[in-house]
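Chemist: Supplied in structure tokens, the structure appears directly below.
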Amino acid sequence: MVANKIHIEDITQIGRFGTLTVTLPNQAAVASTKNLVSYVKKAYPREDGLTYFCRIDGNTIVVGTVRPDTITRKMTLEEIKKVAV
């Protein structure tokens, strides 16, 4: 998906172990989205016990959900997908 901005609803509507991949126009938009994911984690906790994560690659950001006990800061997206089941 290509967008100028991601909204709270876009993040909260991600399903169990799902991901949302978005290409943004610049690094400022990527940083803003990263901060928005941190806000959503605190303000809108998931009822299913999962938590949100984000991974950045240039102007592309991947936002998804995963069990909080299976993720570390340095995991790649491929490693996250392996443990997300």
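Chemist: Name the residue farthest towards the positive end of the dipole of the chain from the options 26, 63, 38, assuming +1 on Cβ of Lys and Arg, -1 on Cβ of Asp and Glu, about the Cα centre.
Modeler: Of 26, 63, 38, it is 38.
Chemist: Let me ask you something else. Under a cut-off of 23 Å between alpha-carbon atoms, report the lysines in cross-link reach of residue 5, not counting same-chain residues fewer than 8 places apart.
Modeler: Hits, sequence-local ones excluded: 34, 41, 42.
Chemist: Ordered by residue, what ³J(HN,Hα) values in Hz, to whole numbers, does segment 59-69 give under the Karplus form 6.51 cos²θ - 1.76 cosθ + 1.60, where θ = phi - 60° and Gly and Pro are x?
Modeler: Karplus-based 3J(HN,Hα) across segment 59-69 equals 9, 10, 10, 10, 10, x, 10, 7, 5, x, 7 Hz.
Chemist: Angle between the Cα long axis of helix 27-43 and the longest principal axis of the chain, 0 to 90 degrees, nearest 10?
Modeler: For 27-43 against the chain, the angle is about 40 degrees.
Chemist: Related question: In Å³ and rounded to a whole number, note down the convex hull volume per residue for the Cα atoms of the chain.
Modeler: 89
Chemist: Under 18 Å Cα-Cα from residue 82, which aspartates and glutamates qualify once same-chain neighbours fewer than 8 residues away are excluded?
Modeler: Reachable aspartates and glutamates: 69.
Chemist: To the nearest 0.05, what FRET efficiency results for residue 1 and residue 83 with a Förster distance of 25 Å applied to their C-beta separation?
Modeler: 0.55
Chemist: When the helix-only estimate is applied to the chain (DSSP H runs of n ≥ 4, each -39,500 (n - 2.57), divided by the residue count), what is the mean residue ellipticity at 222 nm, nearest 500 deg cm²/dmol?
Modeler: That comes out to -10000 deg cm²/dmol.
Read the figures in this text as sums done on the coordinates, not as results from a lab. This one's a predicted model, so the numbers in the text were calculated from it and none came from an experiment. Counting neighbours? That spans all protein chains shown, and the Cβs are built from the backbone with ideal geometry, glycine included.
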